[in-house]
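Please treat every number below as a calculation from the coordinates, not as lab data. Worth saying up front: this structure is predicted, and the values here are computed from it rather than measured. As a convention, Cβ positions derive from the backbone with ideal geometry for all residues, glycine included, and neighbour counts pool all protein chains shown.
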Amino acid sequence: MNWNNPAEKKDHLWRSSLKIISGSKQLTMRFNEKELVFLSRQPSERAAELGMKGPKKGDVMKRRLVKLIVNFLFYFRTYEEEPIGALLLEQCRVEREDDLTFSITFLDEAERKYLFECNSREQRIEWMDAIIKASYEFMRKNLFFYRSEIHRLTGKDPLEQYGISDETRFQVSNALPPPPP
């Protein structure tokens, strides 16, 4: 880690031995290592031993226990209980490389590619689908879509009953017509 390089400093957040990798140069987040280790022990949407190759030149494919929990992809040495790192699955692209392999690249650094090798084509498809659906961006788009559909069908904003429809994070720029008088 080159602490004099601002891009590396922002993107590779270290807390003790756990490495967190995010996809945005502008993203500055602080993670509590104990909370992340606790999160890594929660039930996962998917978990399997996969081949994993990091983005550095000279990296080789290694067997890792990989766990998808919320929007984090934790990876472990196969014989250890604590993760050695995690990818924050925001602002990233998931692509098929070949029948068994997929990659994750971050949108602002396409050259930083992580490869994952599955045991079957079906497993690759399942992992890719789960990772794509894990991002906050994907969930937010779905929220907006279903909110607009419910509003279109019923004439009511489904978030009003919870008192959160006016919050900025739930705004759909001009997607919902104004409420009836």
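Over 24 Å apart at the Cα level, from the set LYS67/LYS133; LYS56/LYS141; LYS113/LYS133, are LYS56/LYS141.
Annotation for segment 45-114: GluC sites (Glu not before Pro) lying in DSSP loop with at most 10 further Cβ atoms inside 10 Å of their Cβ are GLU80, GLU81. Using the alpha-carbon positions of segment 87-127, Rg (one decimal) and Dmax (whole number) come out as 10.3, 30 Å. Residues whose amide H lies under 5 Å from that of ARG112, counting only those 5 or more places away or on a different chain, are PHE106; hydrogens are built 1.01 Å from N in the peptide plane.
Among the trypsin sites (Lys or Arg not before Pro) found in segment 27-96, those both in a DSSP coil and sparsely packed, with 12 or fewer other Cβ atoms within 10 Å of their Cβ, are ARG30, LYS56, LYS57. Under 5 Å between amide hydrogens, built in the peptide plane, is the criterion, and for ILE84 it picks out TYR75, PHE76, ARG77 among residues at least 5 positions away or on other chains.
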